[in-house]
Amino acid sequence: MEKVEVLITTMDMTSSHELVERMNIRTDAFIGNQTDHNYISNEVIHEHNVKIFSFEERGVGLNRNNLLMRTDADYCLFGDDDLVYVDDYEKIVKEQFKNNPDADILIFNLEEVNSQRYQITQKFKVNYFNFMRFGAARVAIRKKSISLNAIYFNQNFGGGCQYSNGEDTLFLCECLKKKLNIYALPITIAKLTNERESSWFEGYTDKYFNDKGMLYYIMSKKYYKLLCLQDAIRHRKDYQKPFCYIMEIMLKGVKNEFKV
């Protein structure tokens, strides 16, 4: 029987039961709890196996990798701790992988109040022109496809890392480079509660633009300047800073780090 498992990343968890209840977890789950001690435990919550990995370390990519390398489930969801899953998420995941037998990754919608997040309105295949729209919290993977291609999250990017965000973008980019099939589906898998503040976004600061430049360089050393350019153009109204200044900061970090 095929197995769906939720890989939950959190920090300083006080109660696994409370977290499982709040997120409406109705399958087995792994919880990656970054905290101040090292401890692994197993619990049974509502007849489901929940394994907790508490490690004294930081970095969302590292946290996801710790769970990803240990799970033996057929399908996995990357569960942030501010999600509430729909009641039938297990059925949805199994059915959609059955309906899309060539799919290695499926991307779903998240429900959110006053959302500015991209909403999928019809099924389409994800490619290099649209993959940056999506974060890991709406992703389901066929575990075998990921493990056989040795794909993991970049541990230098994301909350708690040197570079503040982009680990999920790099993950999907690597999946495309490995020729995996990714489909976006107009189906809601969970609700985003927005109960906690962003762990990395502190406004459009110099660090934000520096980290963006580094992200694009890691994505493509050949086209990173074009990626920086399109970002500065597309988001110019949000950034409200001189175009030349944004480009200078984006490229400066790459130049200093890699001497290009």
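Please verify whether VAL113 is under 18 Å from MET13 (Cβ atoms) and loosely packed, with under 14 Cβ neighbours inside 10 Å, treating the condition exactly as stated. Criteria not met by VAL113.
Evaluate segment 182-201: report whether one residue or more is modelled with pLDDT of 95 or more, surrounded by 15 or more Cβ atoms within 10 Å (Cβ to Cβ), touching a Cys at 6+ places or on another chain (Cβ under 9 Å) and farther than 25 Å from TYR245 by Cα. Yes, there is a match, as at least one residue in segment 182-201 is modelled with pLDDT of 95 or more, surrounded by 15 or more Cβ atoms within 10 Å (Cβ to Cβ), touching a Cys at 6+ places or on another chain (Cβ under 9 Å) and farther than 25 Å from TYR245 by Cα.
From the list THR27, THR71, THR35, the one residue that fits, being β-branched (Val, Ile, Thr), more than 20 Å from SER147 (Cα to Cα) and crowded, with 18+ Cβ neighbours inside 10 Å, is THR27.
Condition check for VAL20 on (1) surrounded by fewer than 15 Cβ atoms within 10 Å (Cβ to Cβ); (2) in contact with a strand residue (DSSP E or B) (Cβ under 9 Å, 6 or more places away or on another chain); (3) β-branched (Val, Ile, Thr): one failure, at (1). Taken as a whole, the condition of being free of Cβ contacts under 8 Å to residues at least 24 places away in the same chain and over 14 Å from ILE141 (Cα atoms) does not apply to ASN66.
With respect to VAL84, is the statement that it is assigned to a strand (DSSP E or B), buried (at least 21 other Cβ atoms within 10 Å of the Cβ) and either within 16 Å of the chain's Cα centre (by Cα) or in the same structural domain as SER147 (by TED's automatic domain parsing) (or both) true? Considered against the rule, which asks whether it is assigned to a strand (DSSP E or B), buried (at least 21 other Cβ atoms within 10 Å of the Cβ) and either within 16 Å of the chain's Cα centre (by Cα) or in the same structural domain as SER147 (by TED's automatic domain parsing) (or both), VAL84 comes out as no.
Within segment 103-133, the set of residues being of a type outside the set (Gly, Ala, Ser) and under 24 Å from THR27 (Cα atoms) comprises ASP104, ILE105, LEU106, ILE107, PHE108, ASN109, LEU110, GLU111, GLU112.
The values are calculated or read from the model by the stated rules, or taken from the named source; none is laboratory data. All of these numbers come straight from a predicted model, not from anything done at the bench. Glycine gets a Cβ as well: all are built from the backbone with ideal geometry, and neighbour counts include every protein chain shown.
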